[in-house]
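Note sheet for the following structure.
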Amino acid sequence: MKFLQKIRDNYILVTFCLSTIISIFMFAHESINKYDDMLVSLKTTQQMSLKSVIWNDSIPITERASACDVYLGEGYNSMTKKECEIILKRAEESSFFN
């Protein structure tokens with residue numbers, strides 16, 4: 001009878017330890033996923049903000065060129081990249097960078 005009691009006690013202890021470890025890993029996994037989602041959201045917001053500056057003709061060319069530098073530096077690629085090339089050529093021709 002004592003042998004069965006010892007097995008039962010060990011089973012409860014092992015089950016408790018495994019449950020605790022699994023719950024810790026699940027919590028860490030959930031936290032990491034939330035962090036990754038925030039990074040994706042932040043990157044999207046940055047890209048859209050840069051596009052807004054680049055395509056807005058009422059913003060000075062120097063600010064638009066600066067936004068283009070950041071945009072191209074981040075490796076974004078779209079029609080905005082072509083617009084950035086035009087803006088940078090226009091800025092060079094106007095000698096804003098000299």
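The values are calculated or read from the model by the stated rules, or taken from the named source; none is laboratory data. The shown structure was predicted, so the numbers you read here are calculated from the model rather than taken from an experiment. Note that we place each Cβ from the backbone using ideal geometry, even for glycine, and neighbour counts take in every protein chain shown. Each accessible area value is taken on the protein alone, full model and side chains, heavy atoms only, with ligands, DNA and RNA left out. Shrake-Rupley method; radii C 1.70, N 1.55, O 1.52, S 1.80 Å.
Expressed as a whole percent, the accessible area of the chain that falls on carbon and sulfur atoms is 64 (1.4 Å probe). Counting charges near residue 47 (Lys, Arg +1; Asp, Glu -1) among other residues having Cβ under 13 Å from its Cβ returns a value of +2.
Helix screen, the chain: DSSP H segments with Cα axial length of 27 Å or more and mean Kyte-Doolittle hydropathy at least 0.0 are 2-55. Calculated mean residue ellipticity at 222 nm for the chain: -30000 deg cm²/dmol, from DSSP H runs with n ≥ 4 weighted as -39500 (n - 2.57), summed, divided by the residue count and rounded to 500. Within the same chain, lysines fewer than 8 places from residue 43 are excluded, and of the rest, those with a Cα less than 25 Å from its Cα are 34, 51, 81, 82. Under the rule that a partner needs its Cβ under 4.7 Å from the first Cβ, which Cys of the chain have none? Isolated Cys, the chain: 17.
Taking one equal scatterer on every alpha-carbon of the stretch 1-80, how large is log10 of I(q)/I(0) by Debye at q = 0.14, 0.15, 0.21 1/Å? Debye intensities relative to I(0), on a log10 scale: -0.66, -0.70, -0.93. Take every pair of alpha-carbon atoms less than 8 Å apart whose residues are at least six positions apart; their mean separation over the length of the chain yields a relative contact order of 20 percent. Figure note: 35, 76 ranked by solvent-accessible area, largest first, 1.4 Å probe, ligands and nucleic acids not counted: 35, 76. Here's the picture: charge each Lys and Arg Cβ at +1 and each Asp and Glu Cβ at -1 in the chain, and of 91, 76, 15 the one pushed furthest to the positive end of that dipole is 15.
In the elastic network of the chain, a GNM with C-alpha springs shorter than 10 Å, the most mobile of 22, 59, 12 is 12.
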